[in-house]
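Notes follow the structure.
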Amino acid sequence: MMNLANGTLFVSGFGGDIWSINILSGAINWYTNTTTLQGSSETNTPYGVWPLWVFSNGAIADGILYLEEGHEYSPPLFLGAQQLAINSTTGKLVWSIDAFDVDGLAVIAYGVMPILNAYDNQIYGYAWVPAKLPLYSPSVGVTTSTR
């Protein structure tokens, strides 16, 4: 996978490696891998690492690099694959969620990223929301006893 954003080339491979490279100087900004981000795959995958889906370009929005773990849809699906959200400046994991990717390209439109999850064959839409959402509750009380 290769992706360009803000003067940076992001490269990742099936072996779980991820690089951020300055396109002007060729300097490596950071390197990480899926084992560093989420721990050892142990015997959960037949590869010995958490593989990154390589037939897609991932997606970048608002300083977050989105990558999918998985392989071409051919059973067995292995346990523990994640949808990864990685800080594009530092290479640190922002969040992850169980999601075995088999469809490839993550796209973001109107602030929503739809992703197919092969674990349950559902399509999920991820969106960034403000950190502080106002929550309102009714101002009526609940009666627990009438004595």
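Side notes on the structure shown:
- Percent RCO, i.e. relative contact order, over the stretch 5-96, from Cα pairs under 8 Å lying at least 6 residues apart: 21 percent
- Once the C-beta distance of Leu24 and Leu77 is scaled by a Förster radius of 41 Å, the resulting FRET efficiency is 0.50 to the nearest 0.05.
- Taking the accessible area of the stretch 1-126, probe 1.4 Å, and keeping the other protein chains in place, the carbon and sulfur fraction comes to 56%.
- Probe 1.4 Å, accessible area per residue of the stretch 1-58, Å²: 53 Å²
The values are calculated or read from the model by the stated rules, or taken from the named source; none is laboratory data. This one's a predicted model, so the numbers in the text were calculated from it and none came from an experiment. Virtual Cβ from ideal backbone geometry, glycine too; neighbours counted across all protein chains shown. Heavy atoms of the whole protein, side chains included, go into the accessibility calculation; ligands, DNA and RNA do not. Shrake-Rupley method; radii C 1.70, N 1.55, O 1.52, S 1.80 Å.
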